[in-house]
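Notes follow once the structure below has been shown.
The values are calculated or read from the model by the stated rules, or taken from the named source; none is laboratory data. Please read these numbers as outputs of a predicted model, since none were measured by experiment. Glycine also receives a Cβ, built like all others from the backbone with ideal geometry; neighbour counts cover every protein chain displayed. Areas reflect the complete protein model, heavy atoms only, side chains present, ligands, DNA and RNA absent. Shrake-Rupley method; radii C 1.70, N 1.55, O 1.52, S 1.80 Å.
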Amino acid sequence: MTQKRVLSGIQPTSDSFHLGNYLGALKQWVELQDGNDAFYCIVDLHALTGEIEPALFRKRTLASAAQLIALGISPEKSTLFVQSHVAEHNQLGWIMECLAGFGEASRMTQFKDKSAKGGADSARVGLFTYPMLQAADILLYQAHYVPVGEDQRQHIELTRDLATRFNSRFGETFRLPEGYILKAGAKIYDLQEPTAKMSKSSGSVAGVLEIMDTPEANTKKIKSAATDAGREVKFDEKEKPGISNLLTIHSSLSGRSIADLENEFEGKGYGDFKGAVAEVVVEYLRPIRTKALELLEDEKHLIDLLHEGAEKARVVASSTLSDTYKNLGLVK
Ligand code: AMP
Ligand code: TRP
């Protein structure tokens, strides 16, 4: 059996990942480790496109690593590393920028959304070139699959376009990667505003369930989640976005079907249902949080693990970069 190469990345932009990150992306990372050759990258360079406070940034990079290991990314099974530890990412990133058109980069919706938020004049050039660095992250490892949330589909398409263009102009160099996007249950919404996706940047604090939050805090957030008119626990995203979101969360973590949950809570109120959701979430996250806190107590060990990951990553990345330079005619 040939193993498939898997690559994904996540930004270390917060003290804690939230349940949307986990159910939309990270849970798949864990599953894909088995039977595949997985590379997982903490994309600190991508995070520089936002506001950075150095001490906090350092802390968040380590906290991200600790959480990834705690939620099941095993440094033995997969290659877990920090993007800035492998310089080839920047090097291939530049090549990708020289390949991409200004027009196609301008069409990236994540760039349009993020730059619109802060006013177009304050948007960084790095925010604009972000997808080309992401393409480099992926192509360096000759990835077959890229597990990401739906919002990243366009960046994967761009990566494929760039790889195709490079290969046809300069000779076969990169494998065309495929997005690996979870269909059902992938999108988790803000508890307070269940029509907006759960997100640290846009949502309210009370609407976001964090892996590193205390069990008490998460229980409270779930119990005060916005619900909908009526009293029935029924999945109906149009009429009942709040209850539907809680059903998705319960079902994704407990593994029980939505229909099964609807049956169990038939005739019971929203209060009972929220209590059950809180229990499922809290018990699911408890061991993850404990393990992450433990890892953070021994920073040196954690950093050693990341350095070992970077060593493994560099072997693959440098080989791809060297082929790329050669095919481009750069003198060695
Ligand atoms: P972010 O740091 O917000 O860009 O998210 C990191 C990863 O988690 C991306 O692959 C997103 O697609 C995914 N993600 C973030 N928020 C959600 C959400 N509310 N529901 C599902 N997936 C999400
Ligand atoms: N842009 C991705 C996000 O916002 C993060 C990312 C950077 C990524 N490089 C990547 C994801 C490479 C997959 C593969 O979630």
Q. Which links in K27/K220; K4/K300; K117/K234; K59/K274 stretch past 28 Å when you go from one Cα to the other?
A. K4/K300; K117/K234; K59/K274
Q | J(HN,Hα) series, segment 124-136, from Karplus relation 6.51 cos²θ - 1.76 cosθ + 1.60, nearest Hz, glycine and proline x | A | 7, 4, x, 5, 6, 8, 2, x, 6, 5, 4, 4, 4
**Q.** Area accessible to solvent at R160, 1.4 Å probe radius, in Å²
**A.** 70 Å²
Q. Can you run phi through the Karplus equation (6.51, -1.76, 1.60; θ = phi - 60°) for segment 29-40 and list ³J(HN,Hα) in whole Hz, with x for Gly and Pro?
A. 4, 5, 5, 6, 5, 7, x, 10, 9, 9, 10, 10
(Q) Give me, ordered by chain and number, the residues 5 or more places off Y180 or on other chains with an amide H under 5 Å from its own placed amide H. (A) V146, V148
Q: Pairs of Cα atoms under 8 Å, at least six residues apart: use those to get the relative contact order of the chain, whole percent.
A: 22 percent
Q: Tell me what the chain gives for mean residue ellipticity at 222 nm when only DSSP H runs of n ≥ 4 count, each as -39,500 (n - 2.57), the sum divided by the residue total, rounded to 500 deg cm²/dmol.
A: -17000 deg cm²/dmol
Q: Over the residues of the chain, compute the C-alpha Rg and express it relative to 2.2 N^0.38 Å.
A: 1.05
Q: Any chance you could check the Cα centroid distance between segment 68-102 and segment 1-34 for me, in angstrom?
A: 13 Å
(Q) Pairs of alpha-carbon atoms within less than 8 angstrom and 6+ residues apart define the contacts here; what relative contact order does segment 65-213 have, in percent? (A) 18 percent
Q. Ranked from highest to lowest mean number of other Cβ atoms within 10 Å per residue, what is the order of the peptides 316-323, 299-306?
A. 316-323, 299-306
Q.
Using amide H atoms built in the peptide plane, which far-off residues or other-chain residues are under 5 Å from L80 H to H?
A. Y40
Q.
With every protein chain kept in place and ligands, DNA and RNA left out, what is the accessible area per residue of the chain? Probe 1.4 Å, answer in Å².
A. 47 Å²
**Q.** Residues with amide H under 5 Å from that of G9, placed H, sequence gap 5 or more
**A.** C41
**Q.** Percent carbon-and-sulfur accessible area, segment 158-258, ignoring ligands, DNA and RNA, probe 1.4 Å
**A.** 50 percent
(Q) Rounded, prolate or oblate for segment 258-317? Axes are the square roots of the Cα gyration tensor eigenvalues, ordered a ≥ b ≥ c, and the cut-off for rounded is a/c under 1.5. (A) oblate
(Q) Could you order the peptides 145-152, 122-129 from most to least packed, using the average number of other C-beta atoms within 10 Å per residue? (A) 145-152, 122-129
**Q.** Table column - 3J(HN,Hα) (Hz), segment 287-298, Karplus curve with 6.51, -1.76, 1.60, x for Gly and Pro
**A.** x, 5, 4, 4, 5, 5, 4, 4, 4, 6, 6, 10
Q: On the protein heavy atoms, probe 1.4 angstrom, tell me the percent of accessible surface of segment 6-82 carried by carbon and sulfur.
A: 53 percent
